[in-house]
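First the structure, in the form of structure tokens, and then the observations on it.
The values are calculated or read from the model by the stated rules, or taken from the named source; none is laboratory data. Nothing here was measured: the structure is a model prediction, and the numbers come from that model. Quick reminder, even Gly has a Cβ in these numbers, built from the backbone with ideal geometry, and neighbours come from all protein chains shown.
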Amino acid sequence: MRSTFRDVGEVAARQLCCGCGACAYACPGEIEMIDVLDQGRRPRLKNALGEASRTADALKVCPGVGLEHPREKRAPEVIRELLPTWGPVLEVWEGHAVDPEIRWASSSGGAASALALFCIERADMHGVLHVAARPDVPYLNRTVLSTSREEILAATGSRYAPASPCDELHLVEEAPRPCVFIGKPCDVAATVKARAIRPKLDEKLGLTIAFFCAGTPSTRGTLEMIRRMGIDDPESVVSVRYRGMGWPGKAAVRFRTEAGEETRELTYDQSWGGVLEKHRQWRCYVCADHTGEFADVSVGDPWYRKIRAGEPGRSLVLVRSERGRRAVAAARDAGYLRLDRADPAILPASQRELARTRGAVWGRTLTCRLFGAAAPRFDRFPLFWTWWTQLSLKEKAQSFYGTAKRVFTKKLRQRLTCEPYVPPRARETTAVTP
Ligand SMILES: Cc1cc2nc3c(=O)[nH]c(=O)nc-3n(C[C@H](O)[C@H](O)[C@H](O)COP(=O)(O)OP(=O)(O)OC[C@H]3O[C@@H](n4cnc5c(N)ncnc54)[C@H](O)[C@@H]3O)c2cc1C
Ligand code: SF4
Ligand code: SF4
């Protein structure tokens, strides 16, 4: 896919960056990832006067500028009725991790973690590249390569905050054996672009798992969530969970007080619906892939029915490739996943909101272009069809006038400067480091 952007700095300045970190992997000498408080993880060019030619690979791997489904004919067993709105799906399953600790700690039913664990314990893979809380600043994230059950367990649960798992793809490339990659749909799309230009990475990416994603809230969102819990000093925070420990589980923040430590909680609706959702980066509003169309396997919540209080977690599992089919079947046979084959109709019934968001993308990107704002390109995505079939008349109109308004309120025609957010604790550490 050819890009009209000069470099990834411009992608970030024009608010098309998803924060995946693939550009930092592609050009480590030239690009580093920083956290921008109201935006997310963003690339920073280390040499301000750098030549665009030195960062050309960064644009080649960037999912922010657009995505492209392959030209080749789809596998005949692709489920036709799901294809236009949900991308290629070969099989739909519902179930959960067999390991009760993983199931309990995970976001949904722990399918992502259990499948990854199977790959390292039984399928001769080396590790899992994914995201976990930063131990020094627990309301920020870092990328980790987990090689044991304990490490995978410690990283369970969705983190509704900026994370760039592709920034450490070199760990996969250098690993002694293939690895699993877990990330958001845009993170996985970035790995597909990256493996196309890096044969060593291609060889070492053993399995890609994406989870469904409605959008990434900025760090400002997490700080606001912490404040809503009545915690005034974010620097007193010891741990942050957004979900898990039940289904969907509560957002829970543990913090230090004069008397010791205390935990405050918000329900999923109070944390996601009440705070975090409103802080999603702009790129998520024009995202055409919310369900991991480029992954081998994608997982989400089977929210097609009402969940009973205290019900243990369950996962909706989509097999999207032959490699994914083999991995899911082997993990099931080896007793890592308990799965039942499901009617494909449970996917649209579970994720109505994601279908509508994807539906709005055609109207939103068209409006952006008309008003001189940047918009991603999506090749071989039937976006007009989704817009036409998934939205009501009012929603169709909203996809135009709502976006026209946002072009101005979100300053989409301007070039934003990306200032790094340095948490006070990190600032103190830097100050004493010689
Ligand atoms: C930003 C965001 C938006 C989401 N939106 C939806 C939605 O619209 N619909 C829906 O059904 N579910 C959504 N989820 C939740 C997620 O798709 C499900 O919980 C999914 O079923 C995974 O559950 P699991 O129990 O298999 O995962 P787990 O076994 O708990 O594993 C979760 C994995 O995700 C990784 N991870 C966590 N946070 C991030 C992050 N921010 N970036 C990259 N990797 C991360 C962890 O490292 C871990 O490996 C969202 C999650 C996030 C982080
Ligand atoms: S989307 Fe990813 S590759 Fe593109 S600029 Fe942002 S961090 Fe870099
Ligand atoms: S909504 Fe799309 S662009 Fe935004 S974080 Fe999720 S997958 Fe990435």
Determine which member of the set 209, 182 is out of contact with any Asp or Glu (no Cβ under 8 Å at 6 or more places or on another chain), buried (at least 24 other Cβ atoms within 10 Å of the Cβ), within 20 Å of residue 291 (Cβ to Cβ) and at pLDDT 95 or above. 182
Checked segment 142-166 for anything within 17 Å of residue 31 (Cα to Cα) and surrounded by 24 or more Cβ atoms within 10 Å (Cβ to Cβ); matches are 163, 164, 165, 166
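Restricting attention to segment 349-369, which residues are polar (S, T, N, Q) and either in contact with a Leu (Cβ under 9 Å, 6 or more places away or on another chain) or more than 13 Å from ligand 3 (Cβ to nearest atom) (or both)? First the steps, then the outcome.
Kept after step one, since they are polar (S, T, N, Q), are these residues of segment 349-369: 350-351, 357, 365, 367.
Once the filter is applied, which keeps residues that are polar (S, T, N, Q) and either in contact with a Leu (Cβ under 9 Å, 6 or more places away or on another chain) or more than 13 Å from ligand 3 (Cβ to nearest atom) (or both), segment 349-369 yields 350, 351, 365, 367.
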Could you grab me the full set of residues in segment 260-287 that are within 16 Å of ligand 2 (Cβ to nearest atom) and of a type in the set (A, V, I, L, M)? 286
What are the pairs with Cβ atoms under 9 angstrom where one residue, in segment 63-76, is within 16 Å of ligand 2 (Cβ to nearest atom) and the other, located anywhere, is of a type in the set (Ser, Thr, Tyr)? Sequence gap at least six, or different chains. 65/3; 65/4; 66/3
Lone unmet requirement of (1) at pLDDT 95 or above; (2) out of contact with any helix residue (DSSP H, G or I) (no Cβ under 8 Å at 6 or more places or on another chain) for residue 53: (1)
Those residues of segment 248-267 which are out of contact with any strand residue (DSSP E or B) (no Cβ under 8 Å at 6 or more places or on another chain) and over 27 Å from residue 287 (Cβ atoms), in sequence order: 257, 258, 259, 260
Any chance you could count how many residues in segment 203-228 are within 13 Å of ligand 3 (Cβ to nearest atom) and farther than 27 Å from residue 92 by Cα? 3
Just name the residue that is surrounded by the most Cβ atoms within 10 Å (Cβ to Cβ) out of those in segment 216-247 that are over 25 Å from residue 287 (Cβ atoms) and β-branched (Val, Ile, Thr). 226
Search segment 306-318 for residues being surrounded by fewer than 24 Cβ atoms within 10 Å (Cβ to Cβ) and touching a residue at least 40 places away in the same chain (Cβ under 8 Å), and hand back the single one that is farthest from ligand 3 (Cβ to nearest atom). 310
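Identify, from the list 269, 289, the residue that is of a type in the set (Asp, Glu) and free of Cβ contacts under 8 Å to residues at least 24 places away in the same chain. Walk me through how you get there before you give the answer.
Details: 289 fails: free of Cβ contacts under 8 Å to residues at least 24 places away in the same chain.
The unique qualifying residue is 269.
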Restricted to segment 23-36 and to residues being more than 23 Å from residue 138 (Cα to Cα) and small (Gly, Ala, Ser), the residue nearest to ligand 1 (Cβ to nearest atom) is 26
Looking at segment 310-322, is at least one residue in a helix (DSSP H, G or I) and out of contact with any Asp or Glu (no Cβ under 7 Å at 6 or more places or on another chain)? yes
